[in-house]
1. Mind checking which lysines have their C-alpha under 20 Å from LYS153, skipping anything on the same chain fewer than 8 residues away?
2. Limiting things to C-alpha atoms, what are the Rg and the maximum Cα-Cα separation (Dmax) for segment 1-69, in angstroms?
3. Using only the C-alpha atoms of segment 72-191, find the volume of their convex hull and express it per residue in Å³.
4. Could you tell me how far the Cα centroid of segment 10-46 sits from the Cα centroid of segment 130-191, in Å?
5. Expressed as an acute angle from 0 to 90° and rounded to the nearest 10, what is the orientation of the C-alpha long axis of helix 33-42 relative to the principal long axis of the chain?
6. Give me the number: length gained by fully extending ASP117 to LEU171, i.e. 0.36 nm times residue separation minus the C-alpha to C-alpha distance, one decimal in nm.
7. Run through segment 9-40 and list the GluC sites (Glu not before Pro) located in a DSSP loop whose Cβ has at most 10 other Cβ atoms within 10 Å.
8. How many Å² of accessible area per residue for the chain, probe 1.4 Å?
Amino acid sequence: MTRDPIAFLENDPDIGHLVAEHGAVTLEPAEDFFHRMIVSVLRQQVSMASAEATRERLEDTVEVTPEALLDTDRSTLREVGLSGQKATYVHNIAEAFLERGYSREHFEAESDAAVIDELTQIKGVGTWTAKMQLLFSLGRPDVFPVEDLGVRKGMRVVYGEDLERSRMAELAERWRPYRSYATLYLWHAVD
């Protein structure tokens with residue numbers, strides 16, 4: 001089997017046309033694991049435009065580090081656009097990073113399942129948020145976030161119908177071990 005994810009996927013009968021249309025995609029881990037995780041929380045259940053506006057206001061108000069966010073009261077976080085619940089989640093994540101020493105290196109040797117299990121111990125971090133970290137903080141090549149609305153929409157574009165999550169996961173098996181790259185193409189399908 002080829003070790004080049006693009007060459008592997010360009011021959012796929014279902015998404016090969018997306019590879020041809022969009023060209024090579026890359027999976028580059030974010031420089032700052034903590035910051036990327038906070039961005040993922042901001043993107044939970046809101047539009048990308050709303051999340052981006054909140055991110056900008058947050059970055060204009062406070063340095064996005066565990067220490068600085070813990071020193072920022074929830075009312076300030078609410079003023080920049082976080083719901084009360086998300087303000088709590090941000091504090092929970094900051095505490096976990098400080099208490100447990102989370103970093104890219106901390107998770108390097110762990111399996112994808114172990115990373116998900118550990119991150120979802122933080123109140124406010126669900127499977128979707130944990131998978132976003134596998135993709136965007138750790139650069140793992142074989143993640144399929146079936147929980148993601150964009151992935152579900154991309155599958156609808158590719159297959160012409162709404163599919164059950166179990167069916168989507170089953171179909172995505174053909175893209176193993178490069179399901180992260182297939183995910184990027186599915187997102188492109190709805191852009």
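1. Cross-link targets: LYS131.
2. Using the Cα atoms of segment 1-69, the pair Rg, Dmax is 17.5, 49 Å.
3. On the way: hull volume 14.5 nm³, N = 120.
Looking at segment 72-191, the number lands at 121 Å³ per residue.
4. The distance from the Cα centre of segment 130-191 to that of segment 10-46 comes to 9 Å.
5. In the chain, helix 33-42 runs at an angle near 90 degrees to the longest axis.
6. Working: separation 54, 0.36 × 54 = 19.44 nm, distance 2.41 nm.
Gain in length upon complete extension: 17.0 nm.
7. Numbers: sites: GLU10, GLU21, GLU31; in loops: GLU31.
The qualifying sites are GLU31.
8. On the way: 9540 Å² over 191 residues.
Normalised by residue count, the accessible surface of the chain is 50 Å².
The values are calculated or read from the model by the stated rules, or taken from the named source; none is laboratory data. This structure is a prediction, so every number in the text was calculated from the model and none was measured. All Cβ positions, glycine included, derive from the backbone under ideal geometry; neighbour counts span all protein chains shown. When the accessible area is computed, the model is the full protein with side chains, heavy atoms only, and any ligands, DNA or RNA have been set aside. Shrake-Rupley method; radii C 1.70, N 1.55, O 1.52, S 1.80 Å.
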